[in-house]
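See below for the structure under consideration.
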Amino acid sequence: SQTIHQWPATLVQPVGSPLSLECTVEGTSNPNLYWYRQAAGRGLQLLFYSVGIGQISSEVPQNLSASRPQDRQFILSSKKLLLSDSGFYLCAWRIGGGSGELFFGEGSRLTVL
Amino acid sequence: AQSVSQHNHHVILSEAASLELGCNYSYGGTVNLFWYVQYPGQHLQLLLKYFSGDPLVKGIKGFEAEFIKSKFSFNLRKPSVQWSDTAEYFCAVNQPPDKLIFGTGTRLQVFP
């Protein structure tokens, strides 16, 4: 069966420090991968998505970047965190696009102080 | 750019009341539409989806949604809610081929 792992689960970082959130999917090949940020009253904001290794679509120009170094690995990064980067980050996967069901990881809670 | 609007941010109902949550989207082409639910402390999970055919879609736990193309809407309904339906509900739209965007969510509270 397919599983998705996301870590770390919680992270407290000072302003200006770097960030790396990692997401790995097991039990499937060539998934579409997504990074969302969830905030109360704002729903799920699509940050990045990827349909293959090295292919990244960016939805929100901001302080974050994403990479997909391997088929089932998706990394969210920042060189210098801002206070506004605080939030709950969700990784998700699905097979193909269109009507494919999205499966979510457990999320990473980032607090920038 | 495509957008998804959920007009009801917070809905409070008593058990057995009927539910309708609104969802409107802006994309004019072929769409795939979804409703996801997040129960307290749990992951988001799929409630139902529309991709083609019958515009009235049945999902899990007695939920259904109707796709009305002329109104760009995909409203979620349930004839009689239960306390266990307390959750946050998200409408989502796939912009072909792979971009899946969500609405702001509706928080539903059901009181016994």
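With respect to B:W83, determine if the residue is surrounded by fewer than 16 Cβ atoms within 10 Å (Cβ to Cβ) and touching a residue at least 12 places away in the same chain (Cβ under 8 Å).
So B:W83 fits the description; yes.
Could you pull out the residue among A:V12, A:V51 that is in a strand (DSSP E or B), open to solvent by 40 Å² or more (accessible area, probe 1.4 Å) and more than 26 Å from B:L47 (Cα to Cα)?
A:V12
Looking at the stretch A:47-75, which of its residues are free of Cβ contacts under 8 Å to residues at least 24 places away in the same chain, away from chain B (no Cβ under 11 Å) and of a type in the set (F, W, Y)?
none
Can we say A:D85 is touching a residue at least 40 places away in the same chain (Cβ under 8 Å), closer than 20 Å to A:E106 by Cβ and surrounded by 12 or more Cβ atoms within 10 Å (Cβ to Cβ)?
For A:D85, the condition - touching a residue at least 40 places away in the same chain (Cβ under 8 Å), closer than 20 Å to A:E106 by Cβ and surrounded by 12 or more Cβ atoms within 10 Å (Cβ to Cβ) - is met.
State which residue is farthest from A:G43 (Cα to Cα) when the search covers only the stretch B:5-28 and only residues that are open to solvent by 20 Å² or more (accessible area, probe 1.4 Å) and of a type in the set (A, V, I, L, M, F, W, C).
B:A16
Taking the stretch A:28-45 only, how many residues are open to solvent by 50 Å² or more (accessible area, probe 1.4 Å) and either under 19 Å from A:E106 (Cβ atoms) or touching a residue at least 40 places away in the same chain (Cβ under 8 Å) (or both)?
4
Of everything in the stretch A:93-111 that's more than 11 Å from B:L46 (Cβ to Cβ) and open to solvent by less than 10 Å² (accessible area, probe 1.4 Å), which residue is farthest from the other protein chains (Cβ to nearest Cβ)?
A:L110
For the stretch A:57-69, check the following and say yes or no: at least one residue is in a strand (DSSP E or B), at pLDDT 95 or above and touching an Asp or Glu at 6+ places or on another chain (Cβ under 8 Å).
No, every residue in the stretch A:57-69 fails to be in a strand (DSSP E or B), at pLDDT 95 or above and touching an Asp or Glu at 6+ places or on another chain (Cβ under 8 Å).
Condition check ((1) over 17 Å from B:A92 (Cβ atoms); (2) open to solvent by less than 70 Å² (accessible area, probe 1.4 Å); (3) assigned to a loop (DSSP other than H, G, I, E, B); (4) among the polar types (S, T, N, Q)) across all residues:
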{"residue": "A:S17", "(1), (2), (3), (4)": "yes, yes, yes, yes"}
{"residue": "A:S20", "(1), (2), (3), (4)": "yes, yes, no, yes"}
{"residue": "A:T24", "(1), (2), (3), (4)": "yes, yes, no, yes"}
{"residue": "A:L47", "(1), (2), (3), (4)": "no, yes, no, no"}
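Within the stretch B:29-57, which residues are more than 10 Å from every other protein chain (Cβ to nearest Cβ), open to solvent by 50 Å² or more (accessible area, probe 1.4 Å) and touching a residue at least 24 places away in the same chain (Cβ under 8 Å)?
B:P40, the sole residue that qualifies.
Say whether the condition of being in contact with a Phe, Trp or Tyr (Cβ under 6 Å, 6 or more places away or on another chain) and within 14 Å of chain B (Cβ to nearest Cβ) is met by at least one residue in the stretch A:12-23.
Yes, the conditions are met somewhere in the stretch A:12-23.
How about the stretch A:66-113: which of its residues are within 17 Å of A:A9 (Cβ to Cβ) and more than 16 Å from the chain's Cα centre (by Cα)?
Selection gives A:V112 alone.
The values are calculated or read from the model by the stated rules, or taken from the named source; none is laboratory data. Treat the numbers as computed from the prediction; the structure is a model and nothing was measured. Cβ atoms come from the backbone with ideal geometry, glycine included; neighbour counts cover every protein chain shown. These accessible areas exclude ligands, DNA and RNA; they are computed on the full protein's heavy atoms, side chains included. Shrake-Rupley method; radii C 1.70, N 1.55, O 1.52, S 1.80 Å.
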